[in-house]
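Okay, so here's the structure we're looking at.
The values are calculated or read from the model by the stated rules, or taken from the named source; none is laboratory data. In this text, all values refer to a predicted model and were calculated from it rather than measured experimentally. Reconstructed Cβ throughout: ideal geometry from the backbone, glycine too, with neighbour counts over all protein chains shown.
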Amino acid sequence: MIQLLREILPRLRFLLAPRPQPELDDELSFHIAQSTDRNLAVGMSPAEAHRQALIELGGIQRTREQCHQQRPGWWLATVAQDIRYALRGFRRNPVFTLAVIATLCVGIGATTAVFSVVDRILFRPLPYAHPDRLVSFGLSQPLQRQEFTLGGFFYEWRDNQQPFESVTFEQGTNECNLTEANPAHLQCARIAQNFLPTLGIPPQLGRNFTPEEDEANGPKVALISDGLWLSRYNRDPRILNQFIPIDDHPVRIVGVLPASFEMPRLQPADIVRPAQVDVAAQHNANAGIGVPMWAFARLKPGVSVAQAHAEMQPLFLHTQQWIPAQFRQEFHFQVRSIRDRQMQEAYTAAWVLLGAVFVVLLIACANVASLFSARGASRQRELAVRSALGASRLRLIRQTLTEVALLAVAGAVLGCVLAQILLRVFIAIAPTGVPFLADAKLDFRIVLFTVALTVICAALVGMFPALEKPRSSALAARQTRSSTHARLRRVLVAVQIGLSVVLLSGAALLLKSFLGLENQRLGMQTAEVITVHIPVTDERYPTGTAYLDFYQHAEAALRRLPGVTAVGMSDSLPPDGNAWHHAMRYADFFVDGKPAASPTTGGSVVWRLATPDYFRALQIPILQGRGFTEQDRSTGGDLIVLSKLLADRLFPNENAIGQHIQFGNYNPYFVLDGPVFTVVGVAGNVRNQGLADQVNPEFYELWSNHHPESWNSRCTFLLQTSLGPSVIAPWVRSQIAQLDPTAPVEINTMAQTVTRLADRPRFETALLAFFALCGLLMAVIGLYGVISFVATQRTQEIGIRMALGATRLNILRLIAAEGVRLILLGGVLGLAAALASAQLLKSLLFNVAPHDPLTYAAVTLLLAMVALAATLIPARAAMKVEPVVALRYE
Amino acid sequence: MPPATDLLQGTLDLLILQTLAPGPMHGWGVAQRIQQISNEVLQIGQGSLYPALHRLEYKGWISADWGISDNNRKARFYSLTETGRSQLETELATWDRLSEAIALVLGRQPEAAS
């Protein structure tokens, strides 16, 4: 240690107090005097003695420099010198500097922000232990492609499976109410006893359920979420073993879930309770197939998802017998990782964005490279001069690297700021459906990666001129010219143009698709419709009659509100396509007096319960026959209204009105014992599969008073009113509170609900359009830079041409031709690449073909115009040059 | 651990340290002494003498002071520091090992084990 100090201290001393130059000079002159004395003693003349002494020393200046280089701080001092020199160069050349910094800023900022978002979606760590070994498995069929399972199947699989270490399930979430003072509307999940251990989620307080607590009719216990613990109980640990009233039943809290807890299907859950499934009853309940559930499992170490699927297949085939024969073929067994299940549609969008990020990064690199290359070419003379004055090759390279590093630091800092802003913007405009976006953060690994990539590009290209042996001709030549660099720059610019064509066409396709989505006809009027949902529970309203009674009173109360012109009721709302329990198979329609459709006939039909005012509130036209009437609700009769699509399919060239229809039941074997429905009318088609998908056939069943069992908490009111929601909402709340003060009320406008469905495409389109603009901007900067550089380089040539009689138009053509060639080359390459990659976008597009000719034409036109402008500005400048000035130019 | 130096530079450093071991001396004297002792075989390129002296000074192995030379000139006298002295011992040991090893490889007996 002392040794080390002893070594470092003198160096530090010299670093802080540099040795004065005269000291060295004195020392050297002493040396020369001594040598001269000796030479005189040998008998030389005084002049010769001094000359020999100087020769012996080998040059005072050289020695002086070498001594200077021994100084510990010498290296740092040269770096400082390089930096000063670089800064001076930047000030002399502000366009170059700003272009590079802007390119780096946009490139680094945009890619970092988007990658940070995509990273959270694609690669975020799941909050489970060893999530790579967790899978979701079950049945899938055309109406429900996300795998699910049923009690009857699950226990059979669980008891005979091989590939899994443990198998568990959850039963989904239900709405539930915390019925104490200041009631709260919560989400309650039902999980198996081994659910938390299988997924590897330790409670942060308390314990998991015991097996006894999971038995049918076991004690009422629950774990609560961290969010609920905080908002309701202020993280008080005394909550353990307390009883809280959930739907009017006391439930004991045995634990608190960790803050990171989430259900594997991402449903919100405030409270989890044991499923308490009666295993023995699963082969009798629900027509012998058991209650619905969602199964998850942990793979044994070393078992892959595909292996697990193969090993489970025989079990599935064995259990297939319980599926009614009619749709046995429709069911498949599915195993996939939890991550795959969560990401479904987000995958394509995320990969497209990632691709766009990559392209923008490429453009940024190409741009920085071509800017540095242009600068390098124009500096050849300067380098030759420096080299002639004694700068070593290493020194010249270091100078270039210093410049690159300075620009990179500036670009990276600004890029981080831009990325942070962009991330905020993304989060603000993102739809709620994109999982985990809200807690996306800047990923500094990505910042480092993008900075490193662009710096390497710049450094490689920037070092070319320094690496070449400086030619003496460069010193002498009046004009510097380097054909290889010029070719490299042209290739880079063409590549940039090509890449921005790819980005632009992708963005244009998405934009067109999105506009189509926004403006399409829904088949109904959503403008002045407010929806009111009152999720009361079975505990308070134990029978259908109780529900019916409550909702009828609510309907009457809402009708009395001023400004409300119609109050319809339904159990579901278009155009949402997620309500799969409202789907039926076309093959299950049995029309009186007609042969049954073949069981394999495909297609599903949407089914909705509706009151007479439903059609009035949404202004769905009745095309044939009549809608329901208020009398129909109480006088009986099972009435339905068909959509135009369904009527045309069931009764082609026939009158649908007055026809009788029955629906097949599977109990578990096919019976035809349901009520006979009479068709009273045909209504216009309404979008019912989300915004993007096609319209399915649909029918409306009268929600009548003599089927009280059909009434439940799914009832939603549709209020047609010209008053805004802010006016009507408090009135609605007070009316409902008079009927039931504990009933929660959710009020939305129909227009909002519909717009929300377009959130995701809006987000994707906005992001891709942003990228396309970034790419185009950078490509244009690159093109402008190259053309203006070429024009400056050829100033003298222009002067000669003009002196020899070339018109200004000739000159314009000469310079612009260069740009046009690049635009054509890049454009053609880009179009080819865009057409080839458009297939990737297919699943994101709605009503637009991936090879939509109009879009490509528009993109090409836009690019050509912008690029031509970037060419013409420097070309015009070249045209305006005075011949005399041009001839004298350097 | 002494910093690794290549053979040539290390050798010059060693020669300088060894020359300064008896007592302080100015740069010209160091060059003359080395030349003299080596029977004019080792001609120190004077261009490399002063950088070497400065380097050793920066390393703290030698220190410099202004003084008056024999013929009444102002001169810079270098002397070995404490660190320099132990460094000299290390370098001598290294040199011995190295020269012995080279001699063995070349198949010659070391003529004189100084």
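Is the stretch A:635-655 home to any residue that is assigned to a loop (DSSP other than H, G, I, E, B) and in contact with a Gly (Cβ under 8 Å, 6 or more places away or on another chain)?
No, the conditions are met nowhere in the stretch A:635-655.
Return a yes/no flag: does the stretch B:86-93 have any residue that is away from chain A (no Cβ under 12 Å), over 19 Å from A:GLN70 (Cβ atoms) and touching a residue at least 24 places away in the same chain (Cβ under 8 Å).
yes
Would you check if there is a residue in the stretch A:58-68 being touching a helix residue (DSSP H, G or I) at 6+ places or on another chain (Cβ under 6 Å) and under 30 Å from A:VAL352 (Cβ atoms)?
No: the stretch A:58-68 contains no residue that is touching a helix residue (DSSP H, G or I) at 6+ places or on another chain (Cβ under 6 Å) and under 30 Å from A:VAL352 (Cβ atoms).
Restricting attention to the stretch A:160-212, report how many residues are among the aromatic types (Phe, Trp, Tyr) and outside any strand (DSSP E or B).
2
Looking at A:VAL357 and the list (1) crowded, with 20+ Cβ neighbours inside 10 Å; (2) of a type in the set (A, V, I, L, M); (3) closer than 28 Å to A:ALA192 by Cα, which single condition is not satisfied?
(3)
Only one of these is of a type outside the set (A, V, I, L, M), surrounded by 22 or more Cβ atoms within 10 Å (Cβ to Cβ) and modelled with pLDDT under 80: A:GLY830, A:GLY782. Name it.
A:GLY782
Being surrounded by fewer than 21 Cβ atoms within 10 Å (Cβ to Cβ) and at pLDDT below 85 is the requirement here; does A:ALA803 meet it?
yes
Taking the condition of being more than 8 Å from chain B (Cβ to nearest Cβ), hydroxyl-bearing (Ser, Thr, Tyr) and surrounded by 14 or more Cβ atoms within 10 Å (Cβ to Cβ), how many residues in the stretch A:30-79 meet it?
Qualifying residue count for the region: 2.
Can you tell me which of (1) within 24 Å of A:LEU126 (Cβ to Cβ); (2) small (Gly, Ala, Ser); (3) part of a loop (DSSP other than H, G, I, E, B) is the one A:ALA216 doesn't meet?
Every condition holds for A:ALA216 apart from (1).
So which residues in the stretch B:47-68 are more than 26 Å from B:THR83 (Cβ to Cβ) and surrounded by 12 or more Cβ atoms within 10 Å (Cβ to Cβ)? If you could, list the steps in order and put the result at the bottom.
Filtering the stretch B:47-68 down to residues more than 26 Å from B:THR83 (Cβ to Cβ) leaves B:47, B:68.
Selection gives B:GLY47 alone.
Tally up the residues in the stretch B:55-72 that are in a loop (DSSP other than H, G, I, E, B) and either in contact with a Ser or Thr (Cβ under 6 Å, 6 or more places away or on another chain) or at the interface with another protein chain (Cβ under 8 Å from one of its Cβ atoms) (or both), please.
So the answer is 4.
Is there a residue in the stretch A:105-118 that is surrounded by fewer than 20 Cβ atoms within 10 Å (Cβ to Cβ) and in contact (Cβ under 8 Å) with a residue 24 or more places away in the chain?
no
Note down all Cβ pairs under 6 Å where the first residue falls in the stretch A:537-556 and is among the aliphatic types (A, V, I, L, M), the second is outside any helix (DSSP H, G or I), and they're at least six residues apart or on different chains.
Within 6 Å, the pairs are A:LEU548/A:TRP711.
Restricting to the stretch A:314-335, what's the tally of residues that are out of contact with any strand residue (DSSP E or B) (no Cβ under 6 Å at 6 or more places or on another chain) and at pLDDT 80 or above? Full working, then the answer.
As a first pass, look at the stretch A:314-335 and keep what is out of contact with any strand residue (DSSP E or B) (no Cβ under 6 Å at 6 or more places or on another chain): A:314-315, A:317-323, A:325-329, A:333.
If we keep only those that are at pLDDT 80 or above as well, we get A:314-315, A:317-320, A:333.
Adding up the residues that qualify gives 7.
Which condition does A:ALA816 not pass, out of (1) surrounded by fewer than 17 Cβ atoms within 10 Å (Cβ to Cβ); (2) without any contact (Cβ under 8 Å) to a residue 60 or more places away in the chain, if it passes all the others?
With respect to (1) surrounded by fewer than 17 Cβ atoms within 10 Å (Cβ to Cβ); (2) without any contact (Cβ under 8 Å) to a residue 60 or more places away in the chain, A:ALA816 is out only on (1).
Does B:ALA52 satisfy the criteria of being assigned to a helix (DSSP H, G or I), more than 8 Å from chain A (Cβ to nearest Cβ) and either touching a Gly at 6+ places or on another chain (Cβ under 6 Å) or closer than 23 Å to A:GLU23 by Cα (or both)?
In short, yes.
Can you tell which of A:LEU499, A:LEU423, A:LEU517, A:LEU510 is in contact with an Asp or Glu (Cβ under 8 Å, 6 or more places away or on another chain), crowded, with 19+ Cβ neighbours inside 10 Å, at pLDDT 70 or above and aliphatic (A, V, I, L, M)?
A:LEU510
Output the strands (runs of 3 or more DSSP E) that fall wholly within the stretch A:667-768 and possess 1 or more residues being among the acidic types (Asp, Glu) and out of contact with any helix residue (DSSP H, G or I) (no Cβ under 7 Å at 6 or more places or on another chain), or say none. Step through it out loud before you land on a result.
On the way: elements: A:677-683, A:698-702, A:716-721, A:746-749.
In the stretch A:667-768, A:698-702, A:746-749 are the strands (runs of 3 or more DSSP E) which contain 1 or more residues that are among the acidic types (Asp, Glu) and out of contact with any helix residue (DSSP H, G or I) (no Cβ under 7 Å at 6 or more places or on another chain).
Please state which one of B:GLN32, B:GLN18, B:GLN36 is at pLDDT below 85, away from chain A (no Cβ under 11 Å) and part of a helix (DSSP H, G or I).
B:GLN36
Take the residues of the stretch A:769-810 that are over 49 Å from the mean Cα position of the chain (by Cα) and not in a helix (DSSP H, G or I): which is nearest to A:VAL848 (Cα to Cα)?
A:THR807
Name the residue, out of A:LEU98, A:LEU104, A:LEU126, A:LEU139, that is part of a strand (DSSP E or B) and either away from chain B (no Cβ under 14 Å) or closer than 25 Å to A:SER378 by Cα (or both).
A:LEU139
Can you name the condition, by its number, that A:GLY290 falls short on among (1) assigned to a loop (DSSP other than H, G, I, E, B); (2) over 22 Å from A:ASN194 (Cα atoms)?
That leaves (2) as the condition not met.
Scan the stretch A:206-249 for residues that are without any contact (Cβ under 8 Å) to a residue 12 or more places away in the chain and closer than 21 Å to A:ALA181 by Cα and report the count.
As a first pass, look at the stretch A:206-249 and keep what is without any contact (Cβ under 8 Å) to a residue 12 or more places away in the chain: A:212, A:230-231, A:233-236, A:238, A:242-243.
Cutting the leftovers down to closer than 21 Å to A:ALA181 by Cα gives us A:230-231, A:233-236, A:238, A:242-243.
Residues meeting the conditions: 9.
Please work out if A:ASN653 is modelled with pLDDT under 85, polar (S, T, N, Q) and closer than 30 Å to A:LEU845 by Cα.
Working: modelled with pLDDT under 85: yes; polar (S, T, N, Q): yes; closer than 30 Å to A:LEU845 by Cα: no.
No; evaluated as a whole, the condition is false for this residue.
Out of A:ALA477, A:ALA466, A:ALA452, report the one residue that is aliphatic (A, V, I, L, M), modelled with pLDDT under 70 and surrounded by fewer than 19 Cβ atoms within 10 Å (Cβ to Cβ).
Criteria check complete, one pass: A:ALA477.
Can you tell which of A:GLY690, A:GLY681, A:GLY637, A:GLY674 is of a type in the set (Gly, Ala, Ser) and crowded, with 20+ Cβ neighbours inside 10 Å?
Step by step, each of A:GLY690, A:GLY681, A:GLY637, A:GLY674 is checked, and only A:GLY681 is of a type in the set (Gly, Ala, Ser) and crowded, with 20+ Cβ neighbours inside 10 Å.
Enumerate the pairs (first residue in the stretch A:394-406 and farther than 23 Å from A:CYS105 by Cβ and buried (at least 17 other Cβ atoms within 10 Å of the Cβ); second residue anywhere and of a type in the set (Asp, Glu) and modelled with pLDDT of 80 or more) with beta-carbon separation below 6 Å, excluding pairs fewer than 6 apart on the same chain, so at least 6 apart or on different chains.
If the second residue must be of a type in the set (Asp, Glu) and modelled with pLDDT of 80 or more, the pairs left are A:GLN399/A:ASP82.
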